[in-house]
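Here's the structure we're looking at; comments come further down.
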Amino acid sequence: MAESHCLETSSDLLLEIMEVRHGDLASAAARLLVLRGADVEAAMVRLLPKVRGSYSRFRCLSTLLYGRERLGREELTTVSGLIAGGDRRMRLVGLTILALRGDASCTDRIIECLGGRDLATREAALKALVAVGDGRAVDAVLAQLEKDAARRSDPHSSVIDLALNYLAQHSAPRPDAFRLACAAVAANWGRRDAAELAWIRVFLRRFSPHDMRSVDIPSPRDLQSMRSQVVDRMKDGALPPASG
(Lines give C-alpha, C1' and ligand atoms only; values in the text may rest on other atoms or scores of the structure.)
Protein backbone atom coordinates (compact mmCIF):
# COMPACT_ATOMS: atom_id res chain seq x y z
CA MET A 1 0.00 0.00 0.00
CA ALA A 2 2.78 2.44 0.96
CA GLU A 3 4.61 1.66 -2.29
CA SER A 4 1.44 2.35 -4.26
CA HIS A 5 0.98 5.74 -2.57
CA CYS A 6 4.60 6.66 -3.33
CA LEU A 7 4.17 5.81 -7.00
CA GLU A 8 1.03 7.95 -7.15
CA THR A 9 2.69 11.00 -5.57
CA SER A 10 2.68 13.97 -7.94
CA SER A 11 5.93 14.95 -9.59
CA ASP A 12 5.58 18.51 -8.32
CA LEU A 13 5.41 17.27 -4.73
CA LEU A 14 8.42 15.02 -5.28
CA LEU A 15 10.40 17.99 -6.59
CA GLU A 16 9.50 19.90 -3.43
CA ILE A 17 10.60 16.97 -1.27
CA MET A 18 13.97 16.99 -3.04
CA GLU A 19 14.64 20.39 -1.48
CA VAL A 20 14.22 19.04 2.05
CA ARG A 21 17.60 18.89 3.78
CA HIS A 22 17.38 15.16 4.50
CA GLY A 23 19.40 12.80 2.32
CA ASP A 24 17.09 9.79 2.55
CA LEU A 25 13.91 11.73 1.77
CA ALA A 26 15.46 13.82 -0.99
CA SER A 27 17.07 10.85 -2.73
CA ALA A 28 13.90 8.74 -2.46
CA ALA A 29 11.97 11.50 -4.22
CA ALA A 30 14.73 11.89 -6.82
CA ARG A 31 14.73 8.18 -7.57
CA LEU A 32 10.98 8.17 -8.21
CA LEU A 33 11.41 11.13 -10.55
CA VAL A 34 14.17 9.35 -12.49
CA LEU A 35 11.90 6.36 -13.00
CA ARG A 36 9.06 8.49 -14.45
CA GLY A 37 10.66 9.15 -17.81
CA ALA A 38 12.86 11.64 -19.60
CA ASP A 39 10.80 14.82 -19.13
CA VAL A 40 10.29 14.36 -15.40
CA GLU A 41 13.89 13.26 -14.94
CA ALA A 42 15.05 16.40 -16.75
CA ALA A 43 13.11 18.53 -14.27
CA MET A 44 14.82 16.67 -11.43
CA VAL A 45 18.27 17.30 -12.93
CA ARG A 46 17.55 21.02 -13.29
CA LEU A 47 16.80 21.12 -9.57
CA LEU A 48 20.00 19.32 -8.50
CA PRO A 49 22.19 22.44 -8.07
CA LYS A 50 19.55 23.87 -5.72
CA VAL A 51 19.36 20.80 -3.44
CA ARG A 52 20.45 21.89 0.03
CA GLY A 53 23.44 20.18 1.57
CA SER A 54 26.29 18.48 -0.24
CA TYR A 55 25.30 15.03 1.05
CA SER A 56 21.68 15.34 -0.10
CA ARG A 57 22.89 16.69 -3.46
CA PHE A 58 25.24 13.74 -3.82
CA ARG A 59 22.49 11.26 -2.96
CA CYS A 60 20.08 12.84 -5.45
CA LEU A 61 22.70 12.91 -8.19
CA SER A 62 23.41 9.24 -7.54
CA THR A 63 19.83 8.28 -8.41
CA LEU A 64 20.57 9.05 -12.08
CA LEU A 65 22.34 5.70 -12.08
CA TYR A 66 18.90 4.06 -11.98
CA GLY A 67 18.14 5.45 -15.44
CA ARG A 68 19.28 3.73 -18.60
CA GLU A 69 18.65 6.13 -21.49
CA ARG A 70 21.15 8.71 -22.65
CA LEU A 71 20.84 12.03 -20.86
CA GLY A 72 20.13 15.12 -22.93
CA ARG A 73 22.72 17.81 -23.56
CA GLU A 74 21.31 20.17 -20.90
CA GLU A 75 21.29 17.40 -18.30
CA LEU A 76 24.87 16.40 -19.14
CA THR A 77 25.94 20.02 -18.75
CA THR A 78 24.37 20.14 -15.29
CA VAL A 79 26.04 16.90 -14.21
CA SER A 80 29.38 18.17 -15.54
CA GLY A 81 28.99 21.35 -13.53
CA LEU A 82 28.34 19.37 -10.36
CA ILE A 83 31.50 17.36 -10.99
CA ALA A 84 33.55 20.53 -11.37
CA GLY A 85 32.18 22.12 -8.20
CA GLY A 86 31.73 19.04 -6.06
CA ASP A 87 33.79 17.02 -3.61
CA ARG A 88 35.44 13.65 -4.28
CA ARG A 89 32.31 11.53 -3.96
CA MET A 90 30.43 13.93 -6.27
CA ARG A 91 33.20 13.61 -8.85
CA LEU A 92 33.22 9.82 -8.67
CA VAL A 93 29.48 9.35 -9.07
CA GLY A 94 29.26 12.15 -11.65
CA LEU A 95 31.95 10.56 -13.81
CA THR A 96 30.17 7.22 -13.60
CA ILE A 97 26.94 8.88 -14.75
CA LEU A 98 28.76 10.47 -17.70
CA ALA A 99 30.23 7.07 -18.55
CA LEU A 100 26.93 5.19 -18.45
CA ARG A 101 24.51 7.86 -19.63
CA GLY A 102 26.68 10.42 -21.40
CA ASP A 103 28.23 10.78 -24.83
CA ALA A 104 31.38 12.06 -26.53
CA SER A 105 30.39 15.68 -25.82
CA CYS A 106 31.49 15.05 -22.20
CA THR A 107 35.13 14.44 -23.18
CA ASP A 108 36.50 17.88 -22.28
CA ARG A 109 34.93 17.78 -18.81
CA ILE A 110 36.29 14.27 -18.22
CA ILE A 111 39.80 15.36 -19.26
CA GLU A 112 39.76 17.92 -16.44
CA CYS A 113 39.63 15.04 -13.94
CA LEU A 114 42.72 13.27 -15.27
CA GLY A 115 45.45 15.40 -13.78
CA GLY A 116 44.62 15.42 -10.08
CA ARG A 117 46.37 13.48 -7.34
CA ASP A 118 43.35 11.43 -6.35
CA LEU A 119 43.84 8.03 -7.96
CA ALA A 120 40.18 7.02 -7.70
CA THR A 121 39.09 10.16 -9.58
CA ARG A 122 41.64 9.55 -12.33
CA GLU A 123 40.51 5.94 -12.61
CA ALA A 124 36.86 7.00 -12.85
CA ALA A 125 37.78 9.52 -15.55
CA LEU A 126 39.62 6.86 -17.57
CA LYS A 127 36.63 4.53 -17.31
CA ALA A 128 34.40 7.30 -18.61
CA LEU A 129 36.79 7.96 -21.50
CA VAL A 130 36.84 4.29 -22.44
CA ALA A 131 33.04 4.25 -22.34
CA VAL A 132 32.16 7.47 -24.18
CA GLY A 133 35.26 9.60 -24.76
CA ASP A 134 36.34 10.75 -28.19
CA GLY A 135 39.85 11.36 -29.48
CA ARG A 136 40.32 14.75 -27.81
CA ALA A 137 41.75 13.06 -24.71
CA VAL A 138 44.47 11.05 -26.49
CA ASP A 139 47.38 13.39 -25.72
CA ALA A 140 46.30 13.95 -22.11
CA VAL A 141 45.88 10.22 -21.46
CA LEU A 142 49.23 9.42 -23.06
CA ALA A 143 51.01 12.07 -20.97
CA GLN A 144 49.47 10.73 -17.75
CA LEU A 145 50.19 7.11 -18.70
CA GLU A 146 53.87 7.89 -19.22
CA LYS A 147 53.99 9.26 -15.66
CA ASP A 148 52.02 6.35 -14.19
CA ALA A 149 54.05 3.71 -16.03
CA ALA A 150 57.25 5.03 -14.44
CA ARG A 151 55.79 4.29 -10.98
CA ARG A 152 55.38 0.90 -9.38
CA SER A 153 51.87 -0.52 -9.84
CA ASP A 154 49.22 0.21 -7.25
CA PRO A 155 47.37 -3.08 -6.58
CA HIS A 156 44.17 -1.11 -5.92
CA SER A 157 44.19 0.74 -9.24
CA SER A 158 43.78 -0.15 -12.91
CA VAL A 159 44.91 3.17 -14.41
CA ILE A 160 47.52 1.49 -16.64
CA ASP A 161 45.21 -0.94 -18.41
CA LEU A 162 42.41 1.65 -18.57
CA ALA A 163 44.75 4.13 -20.28
CA LEU A 164 45.95 1.44 -22.70
CA ASN A 165 42.32 0.52 -23.32
CA TYR A 166 41.33 4.09 -24.17
CA LEU A 167 44.36 4.63 -26.42
CA ALA A 168 43.67 1.33 -28.16
CA GLN A 169 40.07 2.48 -28.80
CA HIS A 170 41.56 5.41 -30.73
CA SER A 171 44.52 3.61 -32.26
CA ALA A 172 43.16 3.77 -35.82
CA PRO A 173 43.43 7.59 -36.07
CA ARG A 174 46.33 7.79 -33.57
CA PRO A 175 48.52 4.66 -33.88
CA ASP A 176 51.49 6.80 -32.81
CA ALA A 177 49.98 7.45 -29.39
CA PHE A 178 49.06 3.81 -28.89
CA ARG A 179 52.56 2.62 -29.72
CA LEU A 180 54.18 5.29 -27.53
CA ALA A 181 51.97 4.10 -24.66
CA CYS A 182 53.03 0.50 -25.22
CA ALA A 183 56.66 1.60 -25.33
CA ALA A 184 56.27 3.43 -22.00
CA VAL A 185 54.82 0.31 -20.39
CA ALA A 186 57.53 -1.90 -21.90
CA ALA A 187 60.26 0.41 -20.62
CA ASN A 188 58.89 -0.05 -17.10
CA TRP A 189 57.96 -3.72 -17.40
CA GLY A 190 59.46 -4.62 -14.03
CA ARG A 191 57.15 -2.16 -12.27
CA ARG A 192 53.97 -3.82 -13.53
CA ASP A 193 52.02 -6.16 -11.26
CA ALA A 194 50.41 -9.50 -12.10
CA ALA A 195 46.95 -8.05 -12.78
CA GLU A 196 48.29 -5.54 -15.32
CA LEU A 197 50.43 -8.16 -17.06
CA ALA A 198 47.44 -10.52 -17.25
CA TRP A 199 45.30 -7.82 -18.89
CA ILE A 200 48.06 -7.02 -21.40
CA ARG A 201 48.46 -10.68 -22.34
CA VAL A 202 44.72 -11.09 -22.91
CA PHE A 203 44.01 -7.94 -24.90
CA LEU A 204 47.32 -6.80 -26.45
CA ARG A 205 48.41 -9.84 -28.38
CA ARG A 206 52.07 -10.23 -29.30
CA PHE A 207 53.00 -7.48 -26.84
CA SER A 208 56.69 -7.94 -26.08
CA PRO A 209 58.73 -5.66 -23.85
CA HIS A 210 61.72 -6.50 -26.07
CA ASP A 211 60.26 -5.72 -29.50
CA MET A 212 57.60 -3.02 -29.66
CA ARG A 213 57.29 -3.47 -33.42
CA SER A 214 55.41 -6.68 -32.77
CA VAL A 215 52.49 -5.01 -30.95
CA ASP A 216 49.21 -5.62 -32.74
CA ILE A 217 46.58 -2.92 -32.86
CA PRO A 218 43.51 -4.70 -31.45
CA SER A 219 40.83 -5.80 -33.88
CA PRO A 220 37.40 -4.11 -33.81
CA ARG A 221 36.05 -7.19 -32.05
CA ASP A 222 38.76 -7.02 -29.38
CA LEU A 223 38.22 -3.29 -28.94
CA GLN A 224 34.53 -3.86 -28.33
CA SER A 225 35.33 -6.60 -25.81
CA MET A 226 37.80 -4.31 -24.02
CA ARG A 227 35.24 -1.53 -23.81
CA SER A 228 32.38 -3.83 -22.77
CA GLN A 229 34.41 -5.23 -19.89
CA VAL A 230 34.81 -1.75 -18.43
CA VAL A 231 31.19 -0.71 -18.99
CA ASP A 232 29.74 -3.96 -17.62
CA ARG A 233 31.80 -3.71 -14.45
CA MET A 234 30.65 -0.13 -13.94
CA LYS A 235 27.03 -1.15 -14.35
CA ASP A 236 27.46 -3.97 -11.83
CA GLY A 237 28.73 -1.58 -9.18
CA ALA A 238 26.82 1.57 -10.10
CA LEU A 239 23.69 1.51 -7.95
CA PRO A 240 23.79 4.28 -5.34
CA PRO A 241 23.91 3.54 -1.59
CA ALA A 242 20.62 3.11 0.20
CA SER A 243 21.79 5.17 3.15
CA GLY A 244 24.91 6.68 4.51
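When we screen A137, A187, A168 for residues that are surrounded by 20 or more Cβ atoms within 10 Å (Cβ to Cβ), farther than 26 Å from L65 by Cβ and more than 12 Å from the chain's Cα centre (by Cα), the only hit is A168. S56 meets each of the listed conditions (1) among the small types (G, A, S); (2) modelled with pLDDT under 95; (3) out of contact with any Gly (no Cβ under 6 Å at 6 or more places or on another chain) apart from (3). V130 meets each of the listed conditions (1) under 14 Å from S157 (Cα atoms); (2) out of contact with any Cys (no Cβ under 8 Å at 6 or more places or on another chain) apart from (1).
Among the residues of segment 42-70, those identified as more than 16 Å from T96 (Cα to Cα) and part of a helix (DSSP H, G or I) are A42, A43, M44, R46, L47, L48, P49, K50, S54, Y55, S56. G190 meets all of the listed conditions (1) under 29 Å from L92 (Cβ atoms); (2) without any contact (Cβ under 8 Å) to a residue 40 or more places away in the chain; (3) not in a loop (DSSP other than H, G, I, E, B) but one, namely (1).
Look through segment 1-40, keep the residues that are assigned to a loop (DSSP other than H, G, I, E, B), out of contact with any Lys or Arg (no Cβ under 9 Å at 6 or more places or on another chain) and modelled with pLDDT under 85, and return whichever of them is most open to solvent (accessible area, probe 1.4 Å).
Here is the first cut: in segment 1-40, the residues assigned to a loop (DSSP other than H, G, I, E, B) are 1, 9-10, 19-22, 35-37.
Subset that is out of contact with any Lys or Arg (no Cβ under 9 Å at 6 or more places or on another chain): 1, 9-10, 22, 35-37.
Cutting the leftovers down to modelled with pLDDT under 85 gives us 1, 9, 22.
On the way: M1: 169, T9: 33, H22: 83 Å².
The extreme case among them is M1.
For segment 190-201, give me each residue that is surrounded by fewer than 15 Cβ atoms within 10 Å (Cβ to Cβ) and either touching a Pro at 6+ places or on another chain (Cβ under 8 Å) or not hydrophobic (A, V, I, L, M, F, W, C) (or both). If you could, list the steps in order and put the result at the bottom.
Narrowing segment 190-201 to residues surrounded by fewer than 15 Cβ atoms within 10 Å (Cβ to Cβ): 190, 193-195, 198, 201.
Correct list: G190, D193, A195, R201.
Of the residues making up segment 73-89, those that are open to solvent by less than 30 Å² (accessible area, probe 1.4 Å) and closer than 20 Å to V130 by Cα are L76, V79, S80, I83. Tell me, which residue of segment 205-220 that is of a type outside the set (S, T, Y) and at pLDDT 90 or above is nearest to D154 (Cα to Cα)? Checked segment 205-220; the qualifying residue nearest to D154 (Cα to Cα) is P218.
The values are calculated or read from the model by the stated rules, or taken from the named source; none is laboratory data. Keep in mind it's a predicted model, so treat the numbers as computed, not measured. Ideal geometry is used to build each Cβ from the backbone, glycine not excepted, and the neighbour counts take in all protein chains shown. Heads up: the accessible areas ignore ligands, DNA and RNA and are worked out on the full protein's heavy atoms, side chains in. Shrake-Rupley method; radii C 1.70, N 1.55, O 1.52, S 1.80 Å.
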